[in-house]
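Any read-out appearing in this document is the output of simple, stated calculations on the displayed coordinates, not a laboratory observation. Remember, predicted model here, so these are calculated numbers, not experimental data. Cβ sites come from the backbone with ideal geometry, for glycine too, and all protein chains shown count toward neighbours.
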Ligand code: NAD
């Protein structure tokens, strides 16, 4: 795997995440094989990729000829051996289940040459568990994307105990070349960093809903118009550093110590989602205006257009698709 080369890349699993990875690789001129267990799923994946490409075209990130070129860069198959035997990099995105992933990695270990990097999209499983017992476990690594990977810059790179430093360095460099913002997670913890932060907020969102403090729509608005709006520029540490005025973070921690302590003591410590909270969340989400008014495809298109606007605003250096695909 050399810098800047066009490579044979295989995406194993063509669901929500696999199809978006396939698009990202193909946009960067790599030859992609998309694998899944049925032709029906693969056809759905290709249709979604066409919708995504159309949005990129409407947002003037690619030209009309590039749509065909990108589609031609993506072959699809239900034959795992054929899909993987010539790949230089494989991105696995099968369901979040350790035994399914172990089983797939065992086959990938057999079918591919030892230099092929085997990356997993897992949201929080340990690579140390997935890679154990493989012949060439040193080339296995977690590359956790954020949905949809073709538009969200962050990826978490999480090595397992047996992952080599060569694999870490190559993968990190490859992600930079793809236009991603990689974070190297220093220790394996369940859910890594992104999903642990998300889970803490999700539990509190469900608790506020369960206690009738606000509706689903208003809690979502607290995040999109408040917390999330600010977080797109500054993360929690920098935000609080400025929240502390002249005295910075030191002052904020000191000043809000008692308030935070009161808030934290009043919060739920659930480790599973209560039925009442889940039911309320599901019922109210179905009633959100955009869900009632628009089709799923229209909402995804709307989401992608907004994400592209944010990319243009915050990470214009990552939007190099037009030059690349011409
Ligand atoms: P998904 O259910 O949409 O897709 C999984 C795909 O794998 C399906 O197309 C399915 O047919 C296929 N599959 C099932 N069994 C298989 C097998 N034995 N071999 C090959 N393919 C098989 O799931 P997803 O949301 O795309 O998640 C895939 C992975 O990405 C999971 O590990 C998940 O945790 C991770 N991930 C998901 C998100 C997200 O927001 N959905 C975000 C980041 C990471």
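Once the Cα gyration tensor of the stretch 191-272 is found, what semi-axes does its equivalent ellipsoid get, as square roots of 5 times the eigenvalues, in whole Å, sorted largest first?
On the way: eigenvalues 110, 53, 38 Å².
Over the Cα atoms of the stretch 191-272, the ellipsoid semi-axes are 23, 16, 14 Å.
Could you compute how fast the stretch 171-228 diffuses translationally, taking Rh as the Kirkwood radius over C-alpha pairs and applying Stokes-Einstein at 4 °C with viscosity 1.567 mPa s? Give it in µm² per second. Can you show the working numbers first?
Numbers: Rh = 13.9 Å.
Reported coefficient: 93 µm²/s.
Taking 25 °C and 0.890 mPa s as the conditions, I'd like the Stokes-Einstein D for the stretch 111-184 in µm²/s, using the Kirkwood hydrodynamic radius from alpha carbon pairs.
Details: Rh = 12.4 Å.
In µm²/s, the coefficient rounds to 198.
Work out the FRET efficiency for residue 162 and residue 292 from their Cβ-Cβ distance, taking R0 = 56 Å, and round it to the nearest 0.05. Don't jump to the answer; show the numbers that get you there.
Numbers: r = 50 Å, r/R0 = 0.88.
For residue 162 and residue 292, the calculated efficiency is 0.70.
How far, in degrees from 0 to 90, does helix 16-27 lean away from the longest principal axis of the Cα atoms of the chain, to the nearest 10?
Tilt relative to the chain: about 60 degrees.
Relative to 2.2 N^0.38 Å, what does the C-alpha radius of gyration of the stretch 1-50 come to as a ratio? Two decimals please. Mind showing how you got there, number by number?
Details: Rg = 11.0 Å, N = 50, 2.2 N^0.38 = 9.7 Å.
Output field value: 1.13.
How long, wide and thick is the stretch 149-304, going by the Cα atoms along their three principal axes, in whole angstroms, largest first?
Per principal axis, max minus min of the Cα coordinates gives 51, 48, 31 Å.
Work out, in µm²/s and without decimals, the Stokes-Einstein translational diffusion coefficient of the stretch 1-92 at 4 °C, 1.567 mPa s, Rh from Kirkwood over C-alpha pairs. Spell out each step's value before the answer.
Numbers: Rh = 13.1 Å.
The estimated diffusion coefficient comes to 99 µm²/s.
Full extension from residue 238 to residue 68: what is 0.36 nm times the residue separation minus their Cα-Cα distance, to one decimal in nm?
Answer, rounded to one decimal: 56.9 nm.
Between Rg and the Kirkwood Rh of the chain, both from Cα atoms, what is the Rg to Rh ratio?
Details: Rg = 21.3 Å, Rh = 21.6 Å.
Radius of gyration over Kirkwood radius for the chain works out to 0.99.
Rank-order 282-290, 48-56, 306-314 by packing density, defined as the average count of other C-beta atoms within 10 Å over each peptide's residues, highest first.
Numbers: 282-290: 11.1, 48-56: 19.0, 306-314: 13.8.
Packing order, densest peptide first, comes out as 48-56, 306-314, 282-290.
Between residue 54 and residue 275, take the C-beta separation as r, use R0 = 35 Å, and let me know the FRET efficiency to the nearest 0.05. Before the final figure, lay out the partial values.
Working: r = 40 Å, r/R0 = 1.15.
Efficiency at R0 = 35 Å is approximately 0.30.
Who wins for biggest fluctuation among 20, 123, 99 in a Gaussian network model of the chain, springs between alpha carbons below 10 Å?
Among 20, 123, 99, the largest mean-square fluctuation in the Gaussian network model of the chain belongs to 99.
Describe numerically, in nm with one decimal, the distance between label points set 7 Å from Cα along Cα→Cβ at residue 225 and at residue 315.
The two pseudo-label positions are separated by 2.7 nm.
When ranked by the protection proxy of mean other Cβ atoms within 10 Å per residue, highest first, what sequence do the peptides 194-206, 254-266 form?
Working: 194-206: 15.1, 254-266: 10.2.
Most protected by this proxy first, the peptides run 194-206, 254-266.
Given contacts defined as C-alpha pairs under 8 Å and at least six residues apart, what's the relative contact order of the stretch 185-260, whole-number percent? Don't skip to the answer; put the middle values down first.
Working: 29 pairs, mean separation 8.1, N = 76.
After rounding, I find 11 percent.
What does DSSP give for the chain in terms of the percent of beta bridges that are antiparallel, rounded to the nearest 5?
Working: 5 of 29 bridges.
Just about 15 percent of them are antiparallel.
So how tilted is helix 275-286 from the main axis of the chain? Cα-based, degrees 0 to 90, rounded to 10.
70
If you restrict to DSSP beta bridges whose two residues both lie in the stretch 87-197, what percentage is antiparallel, to the nearest 5?
Values: 5 of 16 bridges.
The antiparallel proportion sits near 30 percent.
I need 41, 70 ordered by Cβ neighbour count within 10 Å, fewest first.
Details: 41 18, 70 25.
Least to most surrounded, the residues fall as 41, 70.
For n ≥ 4 DSSP H runs only, could you compute -39500 (n - 2.57) per run for the chain, divide by its residues and tell me the 222 nm figure to the nearest 500? Kindly include the intermediate steps, with their values, before the conclusion.
Values: 16 runs with 173 residues, N = 326.
Result for the chain, helices only: -16000 deg cm²/dmol.
Taking only C-alpha pairs under 8 Å that are 6+ residues apart, what is the relative contact order of the chain in percent? Working shown, then result.
Numbers: 471 pairs, mean separation 54.9, N = 326.
17 percent.
How far is helix 165-177 tilted, in degrees, relative to the longest principal axis of the Cα atoms in the chain, given as a value from 0 to 90 rounded to the nearest 10?
Compared with the principal axis, the helix lies near 80 degrees.
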